[in-house]
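Peer 1: Got a structure for you, written out below as structure tokens; questions coming shortly.
The values are calculated or read from the model by the stated rules, or taken from the named source; none is laboratory data. Here the structure is a predicted model, which is why all the values come from computation and not from measurement. Virtual Cβ from ideal backbone geometry, glycine too; neighbours counted across all protein chains shown. Areas reflect the complete protein model, heavy atoms only, side chains present, ligands, DNA and RNA absent. Shrake-Rupley method; radii C 1.70, N 1.55, O 1.52, S 1.80 Å.
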Amino acid sequence: MATVALSSCALALVGFATVAAVAAGLPGDPAITKNASALFHDPQTQVLGNPHGDVTIVEFFDYACPTCKATEPRVEQLLKADHGVKLIVKEFPVLSPQSAIASKVALAAVKQGRYAAYHQALLSYRGGLNEAVIYGVAHDVGLNVTQLRKDMNAPEISREIASNLALAQTIHVPGTPTFILRGRMLPQPTSQIDFPSVVAAARHDRA
């Protein structure tokens, strides 16, 4: 996501403000509260981490997004280190036609039980996104690509993506990646989000 260049002090303040807002238990965004069911309880949306975790984070992302790719290692580290985090991942393909293909392939991977593996592998890929990469990564993580090409055209997959796009517009998602925690979008830039700290602050607020 494009951001205005900030000094190191300003970036530190952004990170502090993020933790402080969560810890203070400030009122959530009304649009997020109104659409809580679609955000947090859509049975078609994939969940990583602990499905029954005590802290829930929603992420809107695009596989072609460089910032999403840069943030992914810290997200994966959070899930490995903290088994109480539930990450709801919203496919939000807005950057290119290839983004939409990648999201369809990812959702089709659900039928083969390989969504998480594919999602993490494609976000970890360093390089441009094209169909050779999209299907090559699918093959590398053990997916049946022939079956995948059939499943990705299922109407329910198109409906899920369309639903995510409409939801993002309704709650004014500013770009990718966008993270939502306790009814608020975490402030940008995402490079300054200290995920363990905001999760700890959410738990402290609820205690």
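Peer 1: Kindly evaluate LEU186 against the criterion of being open to solvent by 20 Å² or more (accessible area, probe 1.4 Å), of a type outside the set (Gly, Ala, Ser) and under 15 Å from the mean Cα position of the chain (by Cα).
Peer 2: On the way: open to solvent by 20 Å² or more (accessible area, probe 1.4 Å): no; of a type outside the set (Gly, Ala, Ser): yes; under 15 Å from the mean Cα position of the chain (by Cα): yes.
No, not satisfied.
Peer 1: Can you name every residue in segment 46-58 that is assigned to a strand (DSSP E or B) and among the small types (Gly, Ala, Ser)?
Peer 2: Filtering segment 46-58 down to residues assigned to a strand (DSSP E or B) leaves 46-49, 55-58.
Answer for segment 46-58, where residues must be assigned to a strand (DSSP E or B) and among the small types (Gly, Ala, Ser): just GLY49.
Peer 1: Take PHE16 and decide whether it is out of contact with any Phe, Trp or Tyr (no Cβ under 8 Å at 6 or more places or on another chain), open to solvent by 30 Å² or more (accessible area, probe 1.4 Å), at pLDDT below 95 and not small (Gly, Ala, Ser). Even if it seems obvious, please write down each step before you answer.
Peer 2: Numbers: out of contact with any Phe, Trp or Tyr (no Cβ under 8 Å at 6 or more places or on another chain): yes; open to solvent by 30 Å² or more (accessible area, probe 1.4 Å): yes; at pLDDT below 95: yes; not small (Gly, Ala, Ser): yes.
Judged against the criteria, PHE16 is a match.
Peer 1: Here's another thing I want to ask about it. Can you pull out every residue in segment 189-200 that is open to solvent by 50 Å² or more (accessible area, probe 1.4 Å) and within 15 Å of the chain's Cα centre (by Cα)?
Peer 2: Result: SER191, single match.
Peer 1: Okay, next question. Please work out which one of (1) modelled with pLDDT under 95; (2) charged (D, E, K, R); (3) under 19 Å from SER163 (Cβ atoms) is the condition ASP62 fails and give its number.
Peer 2: Every condition holds for ASP62 apart from (1).
Peer 1: Would you confirm whether or not segment 59-75 contains a residue that is open to solvent by 60 Å² or more (accessible area, probe 1.4 Å) and assigned to a loop (DSSP other than H, G, I, E, B)?
Peer 2: Step one: of segment 59-75, the residues open to solvent by 60 Å² or more (accessible area, probe 1.4 Å) are 66, 70, 73-74.
Now drop any that are not assigned to a loop (DSSP other than H, G, I, E, B), which leaves none.
No; the residues of segment 59-75 include none that is open to solvent by 60 Å² or more (accessible area, probe 1.4 Å) and assigned to a loop (DSSP other than H, G, I, E, B).
Peer 1: May I pose another question? For LEU79, state whether it is touching a Cys at 6+ places or on another chain (Cβ under 8 Å), modelled with pLDDT of 95 or more and assigned to a helix (DSSP H, G or I). Talk me through it step by step, then tell me what you get.
Peer 2: Numbers: touching a Cys at 6+ places or on another chain (Cβ under 8 Å): no; modelled with pLDDT of 95 or more: yes; assigned to a helix (DSSP H, G or I): yes.
No; evaluated as a whole, the condition is false for this residue.
Peer 1: Something else now. Answer yes or no as to whether LYS90 is outside any helix (DSSP H, G or I), touching a residue at least 12 places away in the same chain (Cβ under 8 Å) and open to solvent by less than 20 Å² (accessible area, probe 1.4 Å).
Peer 2: Details: outside any helix (DSSP H, G or I): yes; touching a residue at least 12 places away in the same chain (Cβ under 8 Å): yes; open to solvent by less than 20 Å² (accessible area, probe 1.4 Å): yes.
When the stated conditions are applied, LYS90 passes them.
Peer 1: I would also like to ask the following. Within segment 175-189, identify whether any single residue is on the phi < 0 side of the Ramachandran plot, among the β-branched types (Val, Ile, Thr) and assigned to a helix (DSSP H, G or I), and answer yes or no.
Peer 2: no
Peer 1: Can you find even one residue in segment 45-52 that is polar (S, T, N, Q), under 24 Å from GLU160 (Cβ atoms), at pLDDT 95 or above and in contact with a helix residue (DSSP H, G or I) (Cβ under 6 Å, 6 or more places away or on another chain)?
Peer 2: There is at least one residue in segment 45-52 that is polar (S, T, N, Q), under 24 Å from GLU160 (Cβ atoms), at pLDDT 95 or above and in contact with a helix residue (DSSP H, G or I) (Cβ under 6 Å, 6 or more places away or on another chain).
Peer 1: While we're here: Report the residue count in segment 29-45 for those that are of a type in the set (S, T, N, Q) and open to solvent by 40 Å² or more (accessible area, probe 1.4 Å).
Peer 2: 3
Peer 1: Among (1) touching a residue at least 24 places away in the same chain (Cβ under 8 Å); (2) assigned to a helix (DSSP H, G or I); (3) farther than 13 Å from PHE60 by Cβ, there is one condition ALA168 misses while meeting the rest; what is its number?
Peer 2: (3)
Peer 1: Being more than 19 Å from the chain's Cα centre (by Cα) and modelled with pLDDT of 95 or more is the filter; apply it to segment 100-136 and report the residue that is surrounded by the fewest Cβ atoms within 10 Å (Cβ to Cβ).
Peer 2: Taking segment 100-136 first, the residues more than 19 Å from the chain's Cα centre (by Cα) are 111-112, 127-128, 130-133, 135-136.
Those still in the list that are modelled with pLDDT of 95 or more too: 111-112, 130-133, 135-136.
Working: LYS111: 17, GLN112: 17, ASN130: 14, GLU131: 12, ALA132: 9, VAL133: 16, TYR135: 17, GLY136: 13.
Step by step, filter segment 100-136, then rank; the result is ALA132.
Peer 1: Let me ask something else about it. With respect to GLY136, determine if the residue is out of contact with any Phe, Trp or Tyr (no Cβ under 6 Å at 6 or more places or on another chain), of a type in the set (Gly, Ala, Ser) and not in a helix (DSSP H, G or I).
Peer 2: no
Peer 1: With respect to TYR125, is the statement that it is under 21 Å from ALA38 (Cα atoms) and of a type in the set (Phe, Trp, Tyr) true?
Peer 2: Considered against the rule, which asks whether it is under 21 Å from ALA38 (Cα atoms) and of a type in the set (Phe, Trp, Tyr), TYR125 comes out as no.
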